[in-house]
Each structure stands twice: as structure tokens, then as C-alpha cells.
Amino acid sequence: MENDKIQAVHFHRKTGEGRYPTERFGAENAKKARSFHRSFPEYKETPLVELNALAKKLGVASVYVKDESYRFGLNAFKVLGGSYTIGNYIAKKLGVDIAELPYEKLIGSDIRQKIGQVTFVTATDGNHGRGVAWTANRLKQKSVVYMPKGSAAERLENIRALGAEASITEWNYDDAVRLAKEGQDKYGWVLVQDTAWEGYEEIPGWIMEGYTTMADETTEQLKGEKPTHIFLQAGVGAMAGAVCGYFASVYGDAERPIIIIVEPNQADCIYRTAKANDGQLHFVTGDMNSIMAGLCCGEPCSIGWNVLRDYADHFISVPDYIAAQGMRILGNPLPGDSKVISGESGAVTLGFVAEVLCNPALRDLKNALALNQDSRILCFSTEGDTDRENYRRIVWDGLYPKKIDRL
């Protein structure tokens, strides 16, 4: 039976020296990553949607949602990390900076002649693998993609359509990562994974830097308005760490927004690590059957955790109905607000925001998060309906209903 309890861990805000450095995720490097992404013909900044009617309904000053369903025509943000990593890998092989390798140069025949044909391998719940396969396909390279058991057939076919050798395995996500690493060890393939561990940090770091394009666009789109609260979903914590690091670097200690990390309670490795707070990473093992497939990761990214440990304020573990609630709210907007088609992993933060602001039983949590009428909230909808059948089951058929009808 699903655990319906929302759990929270609160950290005291750290300041001063001795914290994990965030400069690599700051504005200067983010603009470099964005310049690389801008060189792709498909590049267009994704919308930042302001939901004024919802903000009024929830009793806060503003609600913004960054809609990544438009990213490169791939319906999710993940391609930002995969493409930037492959670009950096090729740049390193050639002994140049990635700033010297825009898309037009990368697709040139001379690049292929210099580096040969490379096979990029990864494990994915869908979106990351699609981004790696898309980039490899564009650069006339190869890709191999492993998916955990229970992955949606639609996501598998989307990856295969890009020329990847892709399959759904009999293992969970973290074991699929180990399978991908075996491909690196046995065949010399290049592992493109956002899970970092000792001895494997360069590529996850590049992936995280790639994600900062999304944050840099958002800052520009906000036109000087500073959010008071940023809600970030976490799988391994790479995206959350990158975006947290970006805003920590940009705003500094004095103006840094309150940063809240949200995870599914069946795969809450970041929450468990924060709760233990003992200097060790804590894993979730076995089957992770949350509807938030893109967040079903049991082993934290060490780099991501290092950033979150020092700059995030709250860590939240939630049941699946919270994500379903977010999907329905975004997909059925109040009059005057724009629709956002947000998948299970994309909508969980907005679902949590609505729950904590509307559920009287969560008043203490609302106060602990310092949410009030002056709050300016920013969420990132990291994917659209990447599994359309499941999206309709949740939004049309009412799968995973709210426990109390409040909105």
C-alpha cells in the first residue's frame, strides 16, 4: 500500500568558507553552456510560464513554471546535459575548448575523421537516453542505451527511432547504470551518466554544467524578479545540484532563495542522505515503482549531493498522488493561466506546492518553508508527456487521486 505521508528534513542555512564551490555552475559557465546549446538549429529558450490565477488561488505573490516540454523537440530538459557532455568529450579529444566547437563544426566530416566513430553508452529512465541518442545521431556517432525494468515502451521506441541500440533490462535503474559501465570497461564505450562516484566525476560534472542553460534562461526571463522559493525535483540529484549551485552562485548568501528538494518516497535517496546527515551517501535498493519514472534512482550523484548539502534548505519525500495532482493542476489551468503539459517527474514540485499551501494539516510544514502571501515561487517542469498513455491515465482517468478535495 502506498505510503501517503509527506516527510521533511530541514537544514540550517550554511554560510562562510568550507562549502562546496559553486563557481562551475555559476553565470559565466552557464552562459558558455548556453552558447553551445544556442549553436544547435533546434535551440529556442523554453517558456517561463507565469500562473497568476493559480498564485492568487494559493495565496502567494507569484508562481512561475519553466516548461521544458519544448526543449529541442524532445519533450524534456535532459538533452542539455547529454549534448554538452558529448561536446566536451570531443573537445577534450581534440585538445580544444568546447567554445571552439559549435554545432556546425561538430557535424563536420573532419571531426569524424579525427576522432573516429565513438559509441556512447548510458542507462536511462527515458529522457536522458533520448538526449544522448539524439546527439550521437546528429554527430554520426553510435549510442547504446539500457533502461530499467518497467520502462515505458513509448520511451524505448523514441530512443530507438534515433538510431540507438536500446533495450529494457530486468534490473532497476542503478543496476542498469552498472550494466552501462560494463560496456565502458569491456568495449571501450564512453559512459555518459549523471551519477558520479569516486573516479567518475568529469562526465557527470559536464552533464550538470549543461543543465545550467535552463537556469540561465530562467534568470533572464524573470527580468529582475527574484524568486523567494525554488522547488527542484531530484533523482540522483544532478539537475537539482546544478540548478541549486547556479542560484547559490548568482545570488550569493545574502539573497539566495530558499531551495527545496522534492523526491518520490519510493526513491528518496537524497532525502535519506539528508536525514542521516552523517557524511555518507544513503541508497534506496530494490524495486522503485513510483509513477515518477525519471526520478526512480536509488544512488545519489556525489557532486550533486555536495552542492545540495551546503546550499539547499529543505528535503521533501512525497507519495505519488502529489505528482498526479501537479499534472492535473498544470494541465487544467485556471482562467487566464496557460496550460503546461507536465509529466510525472516534471509536475511533482508544483503538486507539492499546492498541497502544502492548501492542506491545513501541513500548516507547520508551510511555516517551516516560510511560505506566505509574499512568496514568489519557481518550479521546473522538466518533462512533458513523454509517456502519453500514462499521462492520460493520470489526467483523464484520475489515477492516483488527491486524498482530500481541496482545490
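Under the condition of being outside any helix (DSSP H, G or I) and either out of contact with any Asp or Glu (no Cβ under 6 Å at 6 or more places or on another chain) or among the β-branched types (Val, Ile, Thr) (or both), the residues counted in the stretch 302-323 number 6.
Taking the stretch 267-302 as the range and being closer than 18 Å to residue 194 by Cβ and among the polar types (S, T, N, Q) as the test, the residues that pass are 273, 302. Examine the stretch 263-283 for a residue that is among the aliphatic types (A, V, I, L, M), in contact with a helix residue (DSSP H, G or I) (Cβ under 9 Å, 6 or more places away or on another chain) and not in a helix (DSSP H, G or I), and state whether such a residue exists. Within the stretch 263-283, one or more residues are among the aliphatic types (A, V, I, L, M), in contact with a helix residue (DSSP H, G or I) (Cβ under 9 Å, 6 or more places away or on another chain) and not in a helix (DSSP H, G or I).
Of the set (1) within 20 Å of the chain's Cα centre (by Cα); (2) surrounded by fewer than 24 Cβ atoms within 10 Å (Cβ to Cβ); (3) among the polar types (S, T, N, Q), all apply to residue 195 but (2).
When residue 285 is tested against (1) surrounded by fewer than 24 Cβ atoms within 10 Å (Cβ to Cβ); (2) under 14 Å from the mean Cα position of the chain (by Cα), only condition (2) is not met.
Of the helices (runs of 4 or more DSSP H) that lie entirely inside the stretch 324-407, those containing 1 or more residues that are hydroxyl-bearing (Ser, Thr, Tyr) and closer than 24 Å to residue 8 by Cβ span 344-358. For the stretch 311-362, the set of residues classified as surrounded by fewer than 19 Cβ atoms within 10 Å (Cβ to Cβ), among the hydrophobic types (A, V, I, L, M, F, W, C) and closer than 21 Å to residue 48 by Cα consists of 334 only.
Can you pull out every residue in the stretch 132-152 that is in a helix (DSSP H, G or I) and either free of Cβ contacts under 8 Å to residues at least 12 places away in the same chain or under 21 Å from the mean Cα position of the chain (by Cα) (or both)? Lay out the reasoning, then the answer.
The initial filter retains those residues of the stretch 132-152 that are in a helix (DSSP H, G or I), namely 132-138.
Correct list: 132, 133, 134, 135, 136.
From the list 285, 273, the one residue that fits, being touching a His at 6+ places or on another chain (Cβ under 8 Å) and in the same structural domain as residue 228 (by TED's automatic domain parsing), is 273.
The values are calculated or read from the model by the stated rules, or taken from the named source; none is laboratory data. Predicted model, so just to flag it, every value in this text is computed and none were measured. Ideal geometry is used to build each Cβ from the backbone, glycine not excepted, and the neighbour counts take in all protein chains shown.
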